[in-house]
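Since the structure comes first, as structure tokens, the remarks are kept for the end.
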Amino acid sequence: MHEPSSKNKNSSKHSSKEKTKDSLIKRKSLLSRFLPERAQRLLDPKAKMWALLIAVCLFCAFLLAPRSFQVYSLTIGEPSPETILSPITFQVIDESATNKNQEEVLRSVLPVYDLDEEMVDDVQARIANAFNFMKNYLAAEAENNAKEEDKAKENKPVQENKSSAAKVFQPMDDNALRSRFETLLGADVSPASFAALKAAGFNARVQRDLQSLVIPLLLKGVVLSRELLLRDGKQGILIRSKSKEKLEPLKDVSSLYDLKEAMEKINDEERDTSDDTSLTEAIRKIATDLINVNLTYNREKTAALRQEALASVKPVYFQVVKGEPIVREGEPVNEAHIRKLDGLNKANPAYSRYGIVAGLGLLLILLIRLSLYFSQSYLDRTKRAADDLVLLSVLLVGTIIIMKIFVHISTSISASYNNVNPQSSFFAAPVATSAMLASLMIDPRLALLFAVLTSIVASLAVEGDVYLFVFFFVACVVGLHGVSKVSDRTAILRAGLVVGLVNMISVLGVKLALGQLQRSQDVYEIGLGFLGGVICGPITLGLAPLLERLGYTTNIKLLEIANLNHPLLKQMAIEAPGTYHHSMLVGNLAEAAAEAIGANPLLARVGALYHDIGKIAKTSKPTYFIENQVRGINPHDRLEPSMSALILVSHVKNGVEKAKEYGLGATIIDIIQQHHGTGLIKFFYYKAVEKTDKSRLPVAEEKYRYPGPLPNSKEAALVMLADVAEAACRTLPDPTPARIQKKVQGLIMNLFGEGQLDQSNLTLKDIQSITKSYVRALQGVLHSRIDYPEDSNSQDTNDGDHLRLASDRTSDGFDPVPAESATNITRLGLR
């Protein structure tokens, strides 16, 4: 009865998954249709990171750009609000004189025309080919006619054969012959003109007359428009031909014809060709059709010559002397004033604000990108690179804004008190807060690089010197170190106090280095330095919860969820007391080992507390795990090995869901996912193998492995090792120190050999320290007890040593490690 319903549920799940996949595919197809390829690239995470990086850096550079200079922008006609004196001696371009020189130079540049010499040769060749063809045809036709007449006189029949003479001459009608002549000539020939030429026999004189009408005009050059030629080339033109490298000037352009004038010239030409007017008219018509434009205006070459000429013209300047009044207060602004102000803005490099913004933005991009590269390459924070960039951007902008506020404070102080140094207020700026938050949220090593960047930015924001940079940097380094290992909230306040004390020494050092030691002023500035350090603690403590919303799990949050009154821990203590006790012991083991190898002890302990939180979920009942089972009742005895393995694996997924539901943070979720790695549940796997030996069916090993991933942090690896070590050592019938050491070493060697620790960044020295720490802690917990004498009146004792299950496996199904594994761990120096 239940099988169909389960199938329907599975089918509905598959159908819903398919629908979601189809919807995603449709969305992608819609994006590909309506968005161009370049726009689609902007959706890439790397493109978004670069866009955010560039935008933040340019915004910061805009805030950092110095405002001590003034850019004058007045309007013509309005009275000047102040008297503007020239701060420097500079030169201003006299635009009217410069423009006059440029116009004179442009008038001297002659336009360039290209002469097509190939057209002359082409026309001559076409005329010669056409006339030769007709001459040869007429000669062959006459010869053929003569032969036919001779044969007719001799009364000999004409024989049809394929002799060579028959192949040479093929008679053509006048239309075909004229079409052939037009093709060779490249011109239109009317039937009347063709008849006149044919009547003249296409003799050499007719050919010469035709060439004499066309060729001289083409050699001089025929332009398209005579009006344009006379307008642009009043002083002459430059002729450019392929046969000559240099441009030849032609001063007199009156000898040139345009196309219309050339045709009129041909028609007006008087020829002594013959008295046959039809032949003369035919030659003129063909000549007018052959004539064409072969002298064209070269716009690009002319423009290039004009640009060269303009480049050779040097601008004309007039000088404005330093201290000279550019415009007086109340004087109407005219064009001369505007030119002088523009010249002042261009002459003084300090007025190039956009260049300063671009330069500062480029430097900030390099510094932040190098910091992220260090984080991704050496701190294994590739997955969190986007979050790190957002956090660093927020901290950087916040630092600049704070420093700008202190600039206004210093301005107010200087206006109110003449005997107080306005820059002394900068010592009270809580610049170290940014480095402290970066250390608390990300990593102290990355925070050290960020401290350099923060110190540079803070110094630039107030136009400070190198001594102010050193003051800020020392405060940042002390602050980030103070919060690198926070065990309670008061540690952050203590770190701020230490920063304040160090600031007092730094201020004294700066004053001594500058030679500005004054008793009354120094006490005031040293007190400001102490105040600036002390307030860093409360600010960091207050901002940390807000920045945790970006997805970070700080030690402060770890302290909150480490409270044993947390709802999840209370639920686990009630529903799965065995798991709760096991987690407590694993937390103690992981914390001690983390202190031994320099990892985060708090993160290791809290991760261990919640690593098995998935065992209290509804889908994975606590009684299915051995530490929560009543003696003699094991639910797995009624289940198939595959189902048992599925239940064990499910507690990882359920734990992740529980962690997300209660907002435990990304680092705790990672530990829950990774605390089993991709380990094999050997007990149920071998049980399945043994069961299937009879049926000879293969057993899929993937079904009996945890999904992973492998531990990618030292803390996650510590939880994995502590989990296995604590659970396995509890199965020892007589937990003597030697047996505990052998068991722990074998388990760790087994996991090391399987590659479960490959991504954890643990060294062999770390593994040795971890092993010693676990062995020492487990010996204290699982110490041997005195064997009390039995009471003759009582039954079998009921103490903890005799209540252990007979199966020698861990709480999650791990089998004991063979004894020979201990010898391998000895080779690594763990004994």
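Residues in the range 373-388 that are on the phi < 0 side of the Ramachandran plot, open to solvent by 80 Å² or more (accessible area, probe 1.4 Å) and assigned to a loop (DSSP other than H, G, I, E, B): Thr382, Lys383. Condition check for Pro249 on (1) touching a helix residue (DSSP H, G or I) at 6+ places or on another chain (Cβ under 9 Å); (2) modelled with pLDDT of 80 or more; (3) surrounded by 11 or more Cβ atoms within 10 Å (Cβ to Cβ); (4) not in a helix (DSSP H, G or I): one failure, at (1). Taking the range 635-660 as the range and being under 47 Å from the mean Cα position of the chain (by Cα) and among the aliphatic types (A, V, I, L, M) as the test, the residues that pass are Met643, Ala645, Leu646, Ile647, Leu648, Val649, Val652, Val656, Ala659.
Condition check ((1) modelled with pLDDT under 85; (2) closer than 23 Å to Leu646 by Cα) across all residues:
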site: Lys691; (1), (2): yes, yes
site: Arg696; (1), (2): yes, yes
site: Ala725; (1), (2): no, yes
site: Arg730; (1), (2): yes, no
site: Pro733; (1), (2): yes, no
site: Lys742; (1), (2): no, no
site: Ile748; (1), (2): no, no
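Every listed requirement among (1) within 31 Å of the chain's Cα centre (by Cα); (2) open to solvent by less than 30 Å² (accessible area, probe 1.4 Å); (3) not hydrophobic (A, V, I, L, M, F, W, C) is met by Gly500 save one, (1).
Just to be sure before I move on: is Arg231 surrounded by fewer than 16 Cβ atoms within 10 Å (Cβ to Cβ) and modelled with pLDDT of 80 or more in the structure I sent? The answer is no for Arg231.
When you scan the range 107-139, how many residues do you find that are closer than 30 Å to Lys314 by Cα and touching a helix residue (DSSP H, G or I) at 6+ places or on another chain (Cβ under 6 Å)? Summing the residues that are closer than 30 Å to Lys314 by Cα and touching a helix residue (DSSP H, G or I) at 6+ places or on another chain (Cβ under 6 Å) in the range 107-139 gives 3.
Can you find even one residue in the range 571-579 that is in a loop (DSSP other than H, G, I, E, B), more than 30 Å from Ser393 (Cβ to Cβ) and not basic (Lys, Arg)? Reasoning before the result, please.
Initial filter on the range 571-579 (in a loop (DSSP other than H, G, I, E, B)): 576.
Subsequent filtering for residues that are more than 30 Å from Ser393 (Cβ to Cβ) retains 576.
With not basic (Lys, Arg) added as a condition, the list becomes 576.
Yes, the conditions are met somewhere in the range 571-579.
Pairs only if they're at least six apart or on different chains, beta carbon under 6 angstrom, first in the range 591-616 and under 13 Å from Asp766 (Cβ atoms), second among the basic types (Lys, Arg) and open to solvent by 10 Å² or more (accessible area, probe 1.4 Å); list them, first residue then second. What qualifies is Ala599/Lys714.
For the range 727-734, state whether one or more residues are of a type in the set (S, T, N, Q), closer than 26 Å to Arg705 by Cα, buried (at least 22 other Cβ atoms within 10 Å of the Cβ) and touching a Pro at 6+ places or on another chain (Cβ under 9 Å). Step through it out loud before you land on a result.
First pass over the range 727-734, keeping only residues of a type in the set (S, T, N, Q): 731.
Now narrow it down to the ones that are closer than 26 Å to Arg705 by Cα: 731.
Checking the rest, the ones that are also buried (at least 22 other Cβ atoms within 10 Å of the Cβ) come to none.
Scanning the range 727-734, I find no residue that is of a type in the set (S, T, N, Q), closer than 26 Å to Arg705 by Cα, buried (at least 22 other Cβ atoms within 10 Å of the Cβ) and touching a Pro at 6+ places or on another chain (Cβ under 9 Å), so the answer is no.
Working only within the range 536-566, note down all residues that are open to solvent by 70 Å² or more (accessible area, probe 1.4 Å) and more than 13 Å from Met441 (Cβ to Cβ). Once the filter is applied, which keeps residues that are open to solvent by 70 Å² or more (accessible area, probe 1.4 Å) and more than 13 Å from Met441 (Cβ to Cβ), the range 536-566 yields Pro538, Glu560, Asn563, Leu564, Asn565. Residue pairs whose Cβ atoms lie under 6 Å apart, sitting 6 or more positions apart in sequence or on different chains, and linking a residue in the range 697-711 that is under 15 Å from Leu757 (Cα atoms) to a partner that is of a type in the set (Val, Ile, Thr), are Tyr706/Val649; Tyr706/Thr678; Gly708/Thr678.
Of everything listed in (1) within 30 Å of Lys658 (Cβ to Cβ); (2) more than 42 Å from the chain's Cα centre (by Cα); (3) not polar (S, T, N, Q), the single unmet condition for Glu548 is (2).
This table checks each residue for (1) open to solvent by less than 40 Å² (accessible area, probe 1.4 Å); (2) more than 16 Å from Phe133 (Cα to Cα).
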residue	(1), (2)
Thr183	no, no
Val189	yes, no
Leu197	yes, no
Ala200	yes, no
Ala204	no, no
Gln211	no, yes
Ile215	yes, yes
Lys220	no, yes
Leu224	no, yes
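Checked against the criteria, Gly578 does not count as open to solvent by 10 Å² or more (accessible area, probe 1.4 Å), closer than 28 Å to Gly482 by Cα and modelled with pLDDT under 90. Whenever a residue of the range 521-538 is touching a residue at least 24 places away in the same chain (Cβ under 8 Å) and farther than 18 Å from Ala438 by Cα, it has no partner that is of a type in the set (Asp, Glu) and open to solvent by less than 10 Å² (accessible area, probe 1.4 Å) lying with C-beta atoms less than 8 angstrom away and at least six residues away or across chains.
Give the residues of the range 126-154 that are aliphatic (A, V, I, L, M) and closer than 29 Å to Asp188 by Cα, sorted by residue number. Break it down stepwise before answering.
Our first condition is that a residue be aliphatic (A, V, I, L, M); within the range 126-154, this holds for 127-128, 130, 134, 138-140, 142, 146, 152.
Within the range 126-154, Ile127, Ala128, Ala130, Met134, Leu138, Ala139, Ala140, Ala142 qualify.
Each row is one residue, and each column tells you yes or no for (1) in contact with a Cys (Cβ under 7 Å, 6 or more places away or on another chain); (2) modelled with pLDDT under 85.
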{"position": "Leu362", "(1), (2)": "no, no"}
{"position": "Ile365", "(1), (2)": "yes, no"}
{"position": "Lys383", "(1), (2)": "no, yes"}
{"position": "Leu392", "(1), (2)": "no, no"}
{"position": "Gly398", "(1), (2)": "no, no"}
{"position": "Thr411", "(1), (2)": "no, yes"}
{"position": "Tyr417", "(1), (2)": "no, yes"}
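Identify, please: which residue in the range 74-96 is among the β-branched types (Val, Ile, Thr) and either open to solvent by 80 Å² or more (accessible area, probe 1.4 Å) or outside any loop (DSSP other than H, G, I, E, B) (or both) and is, among those, nearest to Val321 (Cα to Cα)?
First pass over the range 74-96, keeping only residues among the β-branched types (Val, Ile, Thr): 75-76, 83-84, 88-89, 92-93.
From what's left, either open to solvent by 80 Å² or more (accessible area, probe 1.4 Å) or outside any loop (DSSP other than H, G, I, E, B) (or both): 75-76, 84, 92-93.
Values: Thr75: 23, Ile76: 23, Ile84: 13, Val92: 11, Ile93: 14 Å.
Checking each candidate, the answer is Val92.
Among the residues of the range 720-744, those identified as in a helix (DSSP H, G or I) and over 16 Å from Ala590 (Cα atoms) are Pro737, Ala738, Arg739, Ile740, Gln741, Lys742, Lys743. Number of residues in the range 659-680 that are open to solvent by 10 Å² or more (accessible area, probe 1.4 Å), under 23 Å from Lys714 (Cα atoms) and not in a loop (DSSP other than H, G, I, E, B) equals 7.
Would you confirm whether or not the range 674-682 contains a residue that is closer than 21 Å to Ala725 by Cα and among the hydrophobic types (A, V, I, L, M, F, W, C)?
Yes, because at least one residue in the range 674-682 is closer than 21 Å to Ala725 by Cα and among the hydrophobic types (A, V, I, L, M, F, W, C).
Among the residues making up the range 182-208, those that are under 16 Å from Ala139 (Cα atoms) and assigned to a loop (DSSP other than H, G, I, E, B) are Ala200, Gly201, Phe202, Asn203.
The values are calculated or read from the model by the stated rules, or taken from the named source; none is laboratory data. Owing to the predicted nature of the structure, the values given are computational and were not obtained by experimental measurement. Glycine gets a Cβ as well: all are built from the backbone with ideal geometry, and neighbour counts include every protein chain shown. Remember, those area values only see protein heavy atoms, side chains included, never the ligands or the DNA or RNA. Shrake-Rupley method; radii C 1.70, N 1.55, O 1.52, S 1.80 Å.
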